[in-house]
Amino acid sequence: MPDYSFPQTLQERFEKDIVNGVFNKGQRVELADLQQRYDDALRSDLDRVINSAYRKGLLEKRGESVFEIIGERQAEIISVFQHAAKSGFSPKSLVRAVTVLPASADVAEKLQVAVGEAVFCQTRTRLVNDEVIANQNNYIPIEVCPGLETVDLTRTSFQTTLEKTFHAVVARIEEHFEIRAANAEDAIILGLQPGADILVVERLSLSFNRMPLVWADIHVRSDRYHYVKELWPEAAGLLDSK
């Protein structure tokens with residue numbers, strides 16, 4: 001994996017102070033005060049940490065160097081993983097790889113980052129009741145979850161990990177569904193013939209500031225209708241028409 005640079009320790013200190021109430025909700029903080037508080041941190045490092053906190057919805061920008069602390073808010077959206085468990089299924093996620101890639105034009109547009117900026121690509125196989133149902137790629141800005149490559153997500157919802165470990169709470173989901181032909185990787189992972197129909201779910205997770213946290217490109221076995229109908233009911237109509 002290529003090296004990536006992010007002031008992770010500074011981010012952890014700042015976010016811990018926000019969620020633990022060291023800063024009061026509604027408190028306005030100036031950049032100069034933060035530099036002093038955090039051991040004369042570099043302006044460039046503080047800018048990156050503050051932009052990350054804004055992306056996550058932990059603060060609002062009130063001027064060029066003034067910020068209002070919002071604090072951590074309660075999650076309002078449950079993940080597909082959590083929904084599957086609530087529905088009586090046994091979900092599991094196998095992380096095949098976590099790599100750092102330069103953002104393509106499409107990924108950059110989805111995540112609101114610069115083209116070529118380093119982003120995480122987390123490649124997963126999704127199972128329900130030990131049946132493989134999806135081949136999934138998650139694309140995440142580095143600033144959302146530096147250190148992601150060290151986290152074990154086998155039995156934990158990725159969305160819950162974002163919320164509990166990285167303080168990135170999902171407030172809104174935008175999804176797009178379509179039927180597409182399986183590519184070579186899908187065929188291997190999902191156990192299908194190349195070109196077989198799959199359900200493609202493009203899922204964009206947004207923070208309370210309407211900033212992108214994760215873009216998920218999910219390729220689902222369309223023949224496992226009973227799972228699709230429960231987990232992505234809005235897409236069931238596409239399969240009914242096939």
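Assorted remarks:
- For segment 93-121, the set of residues classified as over 18 Å from residue 5 (Cβ atoms) and free of Cβ contacts under 8 Å to residues at least 24 places away in the same chain consists of 104, 105, 106, 108, 109, 115, listed by residue number.
- Looking only at segment 59-99, and only at residues there that are among the polar types (S, T, N, Q) and assigned to a strand (DSSP E or B), the one that is most open to solvent (accessible area, probe 1.4 Å): 99
- Residue match in segment 121-141 (condition: within 22 Å of residue 50 (Cβ to Cβ), surrounded by fewer than 16 Cβ atoms within 10 Å (Cβ to Cβ) and over 15 Å from the mean Cα position of the chain (by Cα)): no
- Test: residue in segment 198-216 that is over 18 Å from the mean Cα position of the chain (by Cα) and hydrophobic (A, V, I, L, M, F, W, C): yes
- Cross-chain or 6+ apart pairs with Cβ under 8 Å, segment 157-176 first and within 12 Å of residue 76 (Cβ to Cβ), then assigned to a helix (DSSP H, G or I): 159/81; 159/82; 169/56; 169/162; 169/163; 170/159; 170/162; 170/163
- Of the residues making up segment 198-242, those that are more than 29 Å from residue 59 (Cα to Cα), of a type outside the set (A, V, I, L, M) and free of Cβ contacts under 8 Å to residues at least 60 places away in the same chain number 10.
- The number of residues in segment 177-196 being in contact (Cβ under 8 Å) with a residue 40 or more places away in the chain and surrounded by fewer than 17 Cβ atoms within 10 Å (Cβ to Cβ) comes to 4.
- Boolean, residue 223 is of a type in the set (D, E, K, R) and in a loop (DSSP other than H, G, I, E, B): yes
- Whenever a residue of segment 14-31 is more than 19 Å from residue 46 (Cβ to Cβ) and charged (D, E, K, R), its partners that are assigned to a loop (DSSP other than H, G, I, E, B) and open to solvent by less than 60 Å² (accessible area, probe 1.4 Å), lying with C-beta atoms within less than 9 angstrom and at least six residues away or across chains, give the pairs 25/70; 25/71.
- Residue in segment 43-58 that is assigned to a loop (DSSP other than H, G, I, E, B), open to solvent by 10 Å² or more (accessible area, probe 1.4 Å) and modelled with pLDDT of 90 or more present: no
- Count of segment 189-220 residues, restricted to those that are closer than 23 Å to residue 172 by Cβ, among the hydrophobic types (A, V, I, L, M, F, W, C) and part of a strand (DSSP E or B), is 11.
The values are calculated or read from the model by the stated rules, or taken from the named source; none is laboratory data. Since this is a predicted model, take the numbers as computed values, not measurements. FYI the Cβ positions are ideal-geometry reconstructions off the backbone, even for glycines, and counts take in every protein chain you see. The accessibility values were calculated without ligands, DNA or RNA, using every heavy atom of the protein model including side chains. Shrake-Rupley method; radii C 1.70, N 1.55, O 1.52, S 1.80 Å.
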